[in-house]
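Novice: Handing you this structure, nothing more for now.
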Amino acid sequence: MRDGIGRGYPDGLKGEDIPLFSRIILIADTFDAMTSSRPYRKGLDYEIAYAELEEFSGSQFDPELA
């Protein structure tokens, strides 16, 4: 994993030092946030949300998972 994944807060963890479960939850939570409708906006289509995950794979998300 690239060094840019994770900001290390609060324990200074980066890359593969971040537990696998946490990296998976990050992707799932992000996808849910993007696709869920809110009072102030409609949720994105799954295809668009997936494209966003792919775009940020390696910088914000584990490239082996996203």
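Novice: Among the candidates 47, 54, single out the residue that is at pLDDT 95 or above and over 14 Å from the mean Cα position of the chain (by Cα). First the steps, then the outcome.
Specialist: Working: 54 fails: over 14 Å from the mean Cα position of the chain (by Cα).
On inspection, the qualifying residue turns out to be 47.
Novice: What do you reckon, is residue 64 more than 8 Å from the chain's Cα centre (by Cα) and without any contact (Cβ under 8 Å) to a residue 24 or more places away in the chain? Spell out how you get there, then give the answer.
Specialist: On the way: more than 8 Å from the chain's Cα centre (by Cα): yes; without any contact (Cβ under 8 Å) to a residue 24 or more places away in the chain: no.
Criteria not met by residue 64.
Novice: Now a separate question. Given the conditions (1) over 18 Å from residue 64 (Cβ atoms); (2) out of contact with any Ser or Thr (no Cβ under 9 Å at 6 or more places or on another chain), and given that residue 31 satisfies all but one, which numbered condition is not satisfied?
Specialist: The number of the failed condition is (1).
Novice: Across the range 16-66, what is the number of residues that are surrounded by 15 or more Cβ atoms within 10 Å (Cβ to Cβ) and of a type in the set (Gly, Ala, Ser)?
Specialist: The total comes to 4.
The values are calculated or read from the model by the stated rules, or taken from the named source; none is laboratory data. All values reported here derive from a predicted model rather than from experimental measurement. Every residue, glycine as well, gets a Cβ built from its backbone with ideal geometry; the counts of neighbours run over all protein chains shown.
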